[in-house]
Amino acid sequence: MDRKETIVLGAGLSGLSTVIHVGGDWLVLEREGRPGGLTRTEDIDGFLFDCTGHWLHLRDERVKRMAAELLPDGLSTVVRRAAIYTNRSFTRYPFQANLCGLPSQILRECLQGAVEAAVRRAGRGGAKPRNFLEYANFHFGEGIARHFIVPYNTKLWGVSPDQVTAEWTQRFVPVPDVAQIVDGALGFSREAMGYNATFLYPTRGGIETLPRAMFARLPADRFLFSTRPRRIRAAERWVEFGTERVRFDRLVSSVPLPELVDLTEDAPPALRRAARRLRCSVLRYVNVGLSVERPLDGEHWLYLPEARFPFYRVGSASNALPGLAPTGASSLYVELANDQAVPDGDVVRALAEFLKEIGTIQRDSQLLFAAFREHPYGYVIFDRHCARARASILDWFEARGIDSIGRYGGWTYNSMEDAILDGIRVADRARKG
Ligand SMILES: Cc1cc2nc3c(=O)[nH]c(=O)nc-3n(C[C@H](O)[C@H](O)[C@H](O)COP(=O)(O)OP(=O)(O)OC[C@H]3O[C@@H](n4cnc5c(N)ncnc54)[C@H](O)[C@@H]3O)c2cc1C
């Protein structure tokens, strides 16, 4: 039987980062025909589409250096332009810090709720939030929760925020204090809030420029594409694929965690039960070409909390980087709600109506094409079982020399930088023995 020091499953950013940093004798098995995973870019008639929006937010110095070295044409810095469209009015993102512009009755409810929540917090009357709904009521008040947080997040996950813990929120949901909420309601808010106030993007090409540059540094003959393991035995440390069985000292997997458990023949029943508890949303989105130049009034993306739209976010990558669409045209990505199953034709009709309502298009013919895409894994649902089930599975594998990393391997809500860092961490640990 052949033997490798490290076998890596998956050539997304976490797998590529692992093999860039690990050294020694390694082999990558990738199910698809090329590297990149979620960061692959699709070209439809000269329109470049990422898997919805894929913007780089780099905080770690090692990753910043690596990106700068890898992308000789450089990275462009983009200042975020994002808004919420609800009740036929636009407000700036984040909703909770920019209430100005809402119809007055809704603004009043949001502001009163925010002040009441602040008073409750000051008097320590509010019980510690146990789920995301309580978290939103606690920090933002009931008005903001009712008019934005609850409807928007229900569309995104397909489950109500009271079924989701607040575990993922700290980094991704900006929490303004009451003074900032009042300022935002009166139109005085100037501060750009949140982790993505500015972002980076390859100056040329789509986001796939990044994994392509990583792959170009590596020996291509150590990658087996269109190859997936048939079975794995953790105790004996081997992987079987095609007609081969290869032993490993270490296995690094970015395969979605429930699938890794399925593949592992000697996974005990308790592990299989834990894997069945892991839930996520399905990612359904539409890549759209338009014959107009600056859709969405120039915004990079819009949040749409209202149930009357079967989508929860519509973005335009070409508004941020015009080179992503042919001259005179533009692109949209449309992220479909998980709480409604709407036929494709109805989605296109609703999209055309919405684009007319906000003045992006005047005629249906300006919508050139709508290509529907689906990915079985979208956003991990952090329900009450998730943390324990995930920890028990990851611990079991780690004890057997198997690191399950990345967005779906680690079963988490992460960024591209986090995926790269996962690979760096695993490689660092491996080198230290
Ligand atoms: C809708 C959406 C929007 C996002 N937007 C952003 C953003 O704006 N900014 C940001 O920083 N991050 C964003 N992210 C997160 C980012 O895409 C991920 O953090 C990162 O790409 C994950 O890389 P990965 O290697 O962990 O996983 P993946 O990219 O999923 O890679 C896993 C690889 O494993 C392969 N694989 C799966 N099963 C098998 C198998 N059985 N055998 C062999 N190979 C297999 C897959 O084909 C894939 O290539 C977004 C994610 C989503 C879903």
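The values are calculated or read from the model by the stated rules, or taken from the named source; none is laboratory data. Values in this document were obtained by computation on a predicted structure and should not be read as measured data. Note: ideal-geometry Cβ built from the backbone for every residue, glycine included; neighbour counts use all protein chains shown. Protein only, heavy atoms only, side chains kept; ligands, DNA and RNA dropped before computing areas. Shrake-Rupley method; radii C 1.70, N 1.55, O 1.52, S 1.80 Å.
Quick check: residue separation of residue 121 and residue 235 times 0.36 nm, minus the Cα distance between them. What number comes out in nm? Walk me through the numbers before you get to the answer.
Numbers: separation 114, 0.36 × 114 = 41.04 nm, distance 5.12 nm.
Contour length minus Cα-Cα distance gives 35.9 nm.
Would you mind classifying the stretch 98-176 by shape? Square roots of the alpha carbon gyration tensor eigenvalues, ordered a ≥ b ≥ c; an a/c under 1.5 is rounded, otherwise it is prolate if a/b is larger than b/c and oblate if not.
Because a/c hits 1.5 or more and a/b fails to exceed b/c, the stretch 98-176 counts as oblate.
Roll a 1.4 angstrom probe over the protein heavy atoms and tell me the percent of accessible area of the stretch 98-176 that is carbon or sulfur.
54
Might you tell me the accessible area per residue for the chain, computed with a 1.4 Å probe and given in Å²?
43
Need the full-extension length gain, residue 364 to residue 64, defined as separation in residues times 0.36 nm minus the C-alpha distance. One decimal, nm. Please list the in-between numbers first.
Numbers: separation 300, 0.36 × 300 = 108.00 nm, distance 4.28 nm.
Using 0.36 nm per residue and subtracting the Cα-Cα distance, I get 103.7 nm.
Report the net charge of residues surrounding residue 431, where surrounding means a beta-carbon distance below 12 angstrom and charges are Lys +1, Arg +1, Asp -1, Glu -1.
Overall, the nearby charge balance is +2.
So what's the net charge close to residue 115: Lys and Arg +1, Asp and Glu -1, counting the other residues with Cβ under 15 Å from its Cβ?
Counting the neighbours of residue 115, the net charge comes to -2.
Straight-line reach from residue 356: which lysines fall under 23 Å, measuring Cα to Cα and dropping same-chain residues less than 8 apart?
By straight Cα distance, residue 356 reaches 155.
Under a 10 Å cutoff between Cα atoms, tell me which one of 134, 244, 116 has the largest fluctuation in the Gaussian network model of the chain.
Looking only at 134, 244, 116, the biggest GNM fluctuation is shown by 244.
Please list 263-272, 332-341 highest first by mean number of surrounding beta-carbon atoms within 10 Å per residue.
Taking the mean over residues of other Cβ atoms within 10 Å, the ranking is 332-341, 263-272.
Which translational diffusion coefficient, to the nearest whole µm²/s, is obtained for the chain from the Stokes-Einstein equation, given a Kirkwood hydrodynamic radius over C-alpha pairs, 25 °C and 0.890 mPa s?
106
Let a ≥ b ≥ c be the square roots of the eigenvalues of the Cα gyration tensor of the stretch 209-262; is it rounded (a/c under 1.5), or, if not, prolate (a/b larger than b/c) or oblate?
Taking the square roots of the gyration eigenvalues as a ≥ b ≥ c, the stretch 209-262 is prolate.
Using only the Cα atoms of the stretch 1-90, what are the Rg and Dmax in Å?
In Å, with Rg to one decimal and Dmax whole: 18.1, 65.
Which order do the peptides 234-242, 141-149 take when ranked by the mean count of other beta-carbon atoms within 10 Å per residue, highest first?
Numbers: 234-242: 16.1, 141-149: 22.9.
Final packing ranking: 141-149, 234-242.
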